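Heads up, the thing below is written out as structure tokens.
The values are calculated or read from the model by the stated rules, or taken from the named source; none is laboratory data. Since the model is a prediction, treat every value here as computed from it, not as a measurement. Here the Cβ positions follow ideal geometry from the backbone for every residue, glycine too, while neighbour counts run over all protein chains shown.
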Amino acid sequence: MADRVLEIDGVSKQYRLGAIGGGTLHGDLTSWFARMRGKEDPNVKIGKEHIAHNEKFWALKDVRFNVDRGDALALLGRNGAGKSTMLKLISRITAPTEGEIRIRGRVASLLEIGTGFHPELTGRENIFLNGAILGMNRAETSRKLREIIEFSEIEQFVDTPVKRYSSGMYVKLAFAVAAHLDPDVMICDEVLAVGDLAFQQKCLTKMADIARDGRAVIYVSHNMRTVSQLCNRGLYLDAGHLTYDGSVEHAMELYGGSSARSVSRNLDEVPRTKDRGDTMRMLSIHFENTQSLEYEMDTAMEFSLTCISHIPEPRLRVRLILQNSIATPIAMTQTEPFEVAAEETFTRRIRFPLDGVAPGEYVIKMSLISGTPRGTTAYYDTIVDVSRFIITDDPALNAGFVWSERLWGNIRLKPLEMQ
């Protein structure tokens, strides 16, 4: 309990839809007055239906979890799951409808670009302003001023009004101030996506240092690469309910939809881009030698792929791209060319050796392709997420260690030979 910095105890947040939001106080008042008189709302746009006022919506419902010092916590979920609402509650921007939030220490939050900045003030002046908002006194900010400016990488423009800053410069300055607050809990919601890759990496390293120093980080992002790199624990929110609290790897699997693995799948109804699947189309896939799409290392996957071709093609291939759990391509293979006729429905049984593929979860991307006389590739059909499968670890082969994708990647090489 002594190491606990945050407790979320039965927290719920309810909103009332359509009560306000006309954009101006005058708009909201005229809409309210019209409703009171039983008249049509003058602010409803033409072609839009009237909003059901006072309809209640639960953005979060009975959420419970704790955060300890040293936690780097990923808060995952699809858009609308309640992630940003949860962060605003922790940051005390808004209050919960039900439940209690207990915080022990200082919280620094980076939720929206430029929050707490005044556009007419310079970067230097905004450091003091933003530092005061986040809880630093003037002496503390002055002591850390040089360090903040150097971290932000905008020293040349620090005496320029921030209204002339780009969105990336905003993020750099805002993160630099928040990170040097020495918070007990640091909250970051997606805004790092605005910055350049080098600065993103710099921020991730800084947040990892914060967690290693015995403080806590709560991170929201749709970039699974950064989540995997930074976080050691994952929470998964679904429609306002906390459905999982545990390893970040399994939280990412839930976010990616791995629970929908199936040995048979109708591919005809899977979405494609508009220029795929017209002349040739994958219809279905069935995995032959498994009941759960789990394979041991160095075995083989076998599947039957059924397709339809509306044109003749003498050199058709099936191309398979293997992606890891954060959608990074790691390998490609393809069949030998084969011939199909026009208006032919055909099935090919394919064997995919899994030699060297390390333990973990993987995604199959598949295409029907053909080489052109000029050496380029013609794509007839492509499905990004044909199926997901798992390679399980074999204790007899790992010599006492558990394979870590984050540390060692997705290919496990053969043992080194000593001469």
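So the values come out like this:
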item	result
Members of the stretch 124-145 that are among the polar types (S, T, N, Q) and closer than 20 Å to Arg92 by Cα	Asn130, Asn137
Members of the stretch 57-90 found to be in a loop (DSSP other than H, G, I, E, B) and touching a Pro at 6+ places or on another chain (Cβ under 7 Å), listed by number	none
Pairs where the first residue, in the stretch 51-73, is under 15 Å from Tyr236 (Cα atoms) and the second is part of a loop (DSSP other than H, G, I, E, B) and modelled with pLDDT of 75 or more, C-beta under 7 Å, 6+ apart	Ala59/Gly82; Ala59/Gly240; Leu60/Gly82; Leu60/Gly240; Lys61/Gly240; Ala72/Cys231; Ala72/Asn232; Leu73/Cys231
Residue check, His286 under 20 Å from Asp268 (Cβ atoms) and free of Cβ contacts under 8 Å to residues at least 24 places away in the same chain	yes
Residue check for Phe175: assigned to a helix (DSSP H, G or I), under 30 Å from Gly246 (Cα atoms) and either touching a His at 6+ places or on another chain (Cβ under 8 Å) or in the same structural domain as Asn79 (by TED's automatic domain parsing) (or both)	yes
Residues (buried (at least 20 other Cβ atoms within 10 Å of the Cβ), farther than 15 Å from Leu121 by Cα and not hydrophobic (A, V, I, L, M, F, W, C)) located in the stretch 145-171	Ser152
Residue count for the stretch 262-283, restricted to those that are in a strand (DSSP E or B) and either surrounded by 15 or more Cβ atoms within 10 Å (Cβ to Cβ) or among the charged types (D, E, K, R) (or both)	5
Which numbered condition Val318 fails, given (1) of a type outside the set (Gly, Ala, Ser); (2) under 24 Å from the mean Cα position of the chain (by Cα); (3) outside any loop (DSSP other than H, G, I, E, B)	(2)
